[in-house]
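Colleague: Take a look at this one; I'll ask things after.
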Amino acid sequence: QVQLVESGGGLVQAGGSLRLSCAASGSIFRMSTMGWYRQAPGKQREFVARITSGGYTNYADSVKGRFTISRDNAKNTVYLQMGSLKPEDTAVYYCNLYPSAPNYWGQGTQVTVSS
C-alpha cells in the first residue's frame, strides 16, 4: 500500500514561484517512476512531469523550461519546483506513480496564480 501526500500549494502572483512536495509511504517509491499531474476547474487531469528512479525527467510542453521535477529517495519525497507561473497553471496538483495508479491519488494541493 502506498500513500502519497502533497503539500506546498498556495496563492501566488503571475511570474512567481512555488515548490510542491509529495511525501510517499511504502517500499516501492525508490524503484518507481513518479509523476506530477494537475486538474484545472472544468478540465480533465493532465500530466505535468515525471522522473524515473534513476533521475531521468520528462515534461509536458506547457511547463517545459519553467518547472523542474526532482526526488530525494532517502526522504521518499518527490518535488516540483514551479517558476514563471501563469494564471493557466492554476489547478489542483497531484503526485502519483507514472503511469498513474487509480488507487494512489491523494488529496492534491491547490495552486492558484493571480494575474
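Colleague: Out of segment 72-82, which residues are open to solvent by 40 Å² or more (accessible area, probe 1.4 Å) and either among the small types (Gly, Ala, Ser) or touching a strand residue (DSSP E or B) at 6+ places or on another chain (Cβ under 9 Å) (or both)? Can you show your working first?
Modeller: Step one: list which residues in segment 72-82 are open to solvent by 40 Å² or more (accessible area, probe 1.4 Å), which gives 72-75, 81.
Answer for segment 72-82, where residues must be open to solvent by 40 Å² or more (accessible area, probe 1.4 Å) and either among the small types (Gly, Ala, Ser) or touching a strand residue (DSSP E or B) at 6+ places or on another chain (Cβ under 9 Å) (or both): 72, 74, 75, 81.
Colleague: Test residue 93 against the stated conditions and say whether it is among the aromatic types (Phe, Trp, Tyr), in a strand (DSSP E or B), under 15 Å from residue 109 (Cβ atoms) and open to solvent by 10 Å² or more (accessible area, probe 1.4 Å). Working first, answer last.
Modeller: Working: among the aromatic types (Phe, Trp, Tyr): yes; in a strand (DSSP E or B): yes; under 15 Å from residue 109 (Cβ atoms): yes; open to solvent by 10 Å² or more (accessible area, probe 1.4 Å): no.
Here the answer is no, as residue 93 does not meet what is asked.
Colleague: Among (1) open to solvent by less than 30 Å² (accessible area, probe 1.4 Å); (2) under 17 Å from residue 21 (Cα atoms), which single condition is residue 101 missing?
Modeller: Looking at each condition in turn, residue 101 falls short on (2).
Colleague: Then there's this: Report, ordered by the first and then the second residue, all pairs with beta carbons closer than 7 Å, sequence separation of six or more or different chains, a first member in segment 35-51 that is over 21 Å from residue 77 (Cα atoms), and a second member that is assigned to a loop (DSSP other than H, G, I, E, B) and of a type in the set (Ser, Thr, Tyr).
Modeller: Close Cβ pairs satisfying both conditions: 40/90.
Colleague: Now for a separate question. Please enumerate the residues belonging to segment 1-22 that are among the hydrophobic types (A, V, I, L, M, F, W, C), open to solvent by less than 50 Å² (accessible area, probe 1.4 Å) and either part of a strand (DSSP E or B) or under 18 Å from residue 113 (Cβ atoms) (or both).
Modeller: Of all residues in segment 1-22, those among the hydrophobic types (A, V, I, L, M, F, W, C) come to 2, 4-5, 11-12, 14, 18, 20, 22.
Filter once more, so that each one left must be open to solvent by less than 50 Å² (accessible area, probe 1.4 Å): 2, 4, 12, 18, 20, 22.
Those that are among the hydrophobic types (A, V, I, L, M, F, W, C), open to solvent by less than 50 Å² (accessible area, probe 1.4 Å) and either part of a strand (DSSP E or B) or under 18 Å from residue 113 (Cβ atoms) (or both): 4, 12, 18, 20, 22.
Colleague: To continue, here is another question. Please specify each residue of segment 69-84 satisfying the condition of being at pLDDT 95 or above and farther than 17 Å from residue 7 by Cβ.
Modeller: 83, 84
Each row is one residue, and each column tells you yes or no for (1) hydrophobic (A, V, I, L, M, F, W, C); (2) within 21 Å of residue 106 (Cα to Cα); (3) more than 11 Å from the chain's Cα centre (by Cα); (4) at pLDDT below 95.
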residue	(1), (2), (3), (4)
3	no, yes, yes, yes
11	yes, yes, yes, no
16	no, no, yes, no
30	no, yes, yes, yes
40	yes, yes, yes, no
54	no, no, yes, yes
61	no, no, yes, no
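Colleague: Taking segment 78-88, which residues are within 22 Å of residue 106 (Cβ to Cβ), without any contact (Cβ under 8 Å) to a residue 60 or more places away in the chain and over 12 Å from the mean Cα position of the chain (by Cα)? Break it down into steps so the answer makes sense when it comes.
Modeller: Start the filter on segment 78-88 by keeping residues that are within 22 Å of residue 106 (Cβ to Cβ), which leaves 78-82, 85.
Next, only the ones that are without any contact (Cβ under 8 Å) to a residue 60 or more places away in the chain stay: 78.
Scanning segment 78-88 gives no hits.
Colleague: Okay, next question. Any idea which of 100, 70 is assigned to a loop (DSSP other than H, G, I, E, B) and out of contact with any helix residue (DSSP H, G or I) (no Cβ under 8 Å at 6 or more places or on another chain)?
Modeller: Details: 70 fails: assigned to a loop (DSSP other than H, G, I, E, B).
Selected residue: 100, the only one of 100, 70 that is assigned to a loop (DSSP other than H, G, I, E, B) and out of contact with any helix residue (DSSP H, G or I) (no Cβ under 8 Å at 6 or more places or on another chain).
Colleague: Within segment 31-63, track down each residue that is out of contact with any strand residue (DSSP E or B) (no Cβ under 9 Å at 6 or more places or on another chain) and open to solvent by 80 Å² or more (accessible area, probe 1.4 Å). Write out each step before concluding.
Modeller: Taking segment 31-63 as the starting set, the residues that turn out to be out of contact with any strand residue (DSSP E or B) (no Cβ under 9 Å at 6 or more places or on another chain) are 31, 42, 44, 54, 61.
Those that are out of contact with any strand residue (DSSP E or B) (no Cβ under 9 Å at 6 or more places or on another chain) and open to solvent by 80 Å² or more (accessible area, probe 1.4 Å): 31, 42, 44, 61.
Colleague: With the structure loaded, tell me whether residue 25 is more than 14 Å from the chain's Cα centre (by Cα), without any contact (Cβ under 8 Å) to a residue 60 or more places away in the chain and exposed (fewer than 14 other Cβ atoms within 10 Å of the Cβ) or whether it fails that test.
Modeller: Details: more than 14 Å from the chain's Cα centre (by Cα): yes; without any contact (Cβ under 8 Å) to a residue 60 or more places away in the chain: yes; exposed (fewer than 14 other Cβ atoms within 10 Å of the Cβ): yes.
Taking the combined requirement at face value, the residue satisfies it.
The values are calculated or read from the model by the stated rules, or taken from the named source; none is laboratory data. Quick caveat, the model's predicted, so the values are computed rather than measured. Heads up, the Cβs are rebuilt from the backbone with ideal geometry, glycines too, and the neighbour counts pull from every protein chain shown. These area figures cover heavy atoms from the full protein model, side chains too; ligands, DNA and RNA do not enter into them. Shrake-Rupley method; radii C 1.70, N 1.55, O 1.52, S 1.80 Å.
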